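Read through the structure below, which is laid out as structure tokens, and then see the notes.
The values are calculated or read from the model by the stated rules, or taken from the named source; none is laboratory data. Every value quoted in this text rests on a predicted model; they were computed, and no experiment measured them. Here the Cβ is made from the backbone with ideal geometry for all residues, glycine too, and neighbour counts use every protein chain on show.
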Amino acid sequence: MYSGHQKITTARIAVLREVVRLGINHIDTSDFYGPHITNQLIKEALHPYPEQLRIVTKVGARRDAEGNWPRALAPDELREAVDDNLTNLGLDALDVVNLRVGGLDSPTPGSIAEPFRVLAQMQRAGLIKHLGVSNVTAEQIGEVQSIAPVVCVQNFYHIANRRDDALIDSLAEQGIGYVPFFPLGGFTPLQSETLSNVATRLNARPMSVALAWLLQRSPNILLIPRTSSVEHLRENVAGASLQLPHEAIKELNHAALLRWPGANFTAGRGRAWEGGRGPKLGISAIQQSGTLLMN
Ligand SMILES: NC(=O)c1ccc[n+]([C@@H]2O[C@H](COP(=O)([O-])OP(=O)(O)OC[C@H]3O[C@@H](n4cnc5c(N)ncnc54)[C@H](OP(=O)(O)O)[C@@H]3O)[C@@H](O)[C@H]2O)c1
């Protein structure tokens, strides 16, 4: 008999294979999604991995019985997390490991040197190729750069939450990737009349416009919109190649009435970016949610 669970697994595997077929070369994951299930699915769908694929994982939290993400930053917890990622992804070395610290809504200031040193040690031992950080402040990034190079930063940012505007510009100058999580609003999907109007004029979907805006915001932005559907995946890839005209970007930048509940909307704060030549598509991403798999 074909169970519901099998159906979901088959659908997730189809999305992952479509990711590679579409030329996407960056998958964002964590072994604490599921836990373990997401990585096991990535392995089942794609191992042995295509040469160009980069799998980016994160450590520093765990999944508790209530579905929360308490911190797991002790040296033993970090080593175990790296080992779990290696095992469940079927790799000898992880492409990129993000040290996730801080809260979901905003980073928590304070030193993160100790847990970062543990990962730097594992990098020297050959288990990790590159290091990144997540849910961090500019000061914390500066602190850990004296320990080992940081190749990417994953923080909460989208068209209606522009708290990291200045940070993005500074990272771009340093050649460090910025990977916004919740690019489509996460648990509270982006909704705005301006977004919809711009999308209608461009014959595109609002979510495509939100992704195109991010890619055109700065050349160091890499996208990781999550989806469980092949249709949304294709739509998101199309969105990434959408070129927003200067006027549309200007309109979006000044749309102070974006209706994102609880939004920290600060259009125009920091450097108002108003277009120019967007980066080429080439890096987009998808992450399979362990939560969805459990539903
Ligand atoms: N570092 C951290 O602390 C942290 C925290 C949160 C998230 N993340 C990472 O950030 C990434 C994205 O975050 P997220 O998944 O929570 O938020 P998101 O990508 O902003 O939103 C995902 C939601 O958007 C929907 N969606 C995707 N494409 C769509 C489309 N074309 N049209 C309409 N709806 C669409 C998805 O539903 P369908 O499945 O139906 O498409 C899903 O419900 C993930 O890789 C996640 O691991 C990191």
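Quick look at the numbers
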| read-out | value |
| --- | --- |
| Hey, Ala199 assigned to a helix (DSSP H, G or I) and either modelled with pLDDT under 90 or surrounded by 20 or more Cβ atoms within 10 Å (Cβ to Cβ) (or both) or not | yes |
| Qualifying residues in segment 218-237 (those that are part of a helix (DSSP H, G or I) and near the ligand (Cβ under 6 Å from one of its atoms)) - the one farthest from Ile42 (Cα to Cα) | Glu235 |
| Pairs where the first residue, in segment 173-189, is without any contact (Cβ under 8 Å) to a residue 40 or more places away in the chain and under 13 Å from Asn161 (Cβ atoms) and the second is within 12 Å of the ligand (Cβ to nearest atom) and in a strand (DSSP E or B), C-beta under 9 Å, 6+ apart | Phe182/Phe156; Phe182/His158; Phe182/Asn161; Gly186/Phe156; Gly186/His158 |
| Any strands (runs of 3 or more DSSP E) falling wholly within segment 121-195 and containing at least 2 residues that are within 14 Å of the ligand (Cβ to nearest atom) and among the polar types (S, T, N, Q) | 150-156 |
| Residue satisfying all of: in segment 33-47; of a type outside the set (A, V, I, L, M) and more than 17 Å from Asp95 (Cα to Cα); modelled with the lowest pLDDT among these | Gly34 |
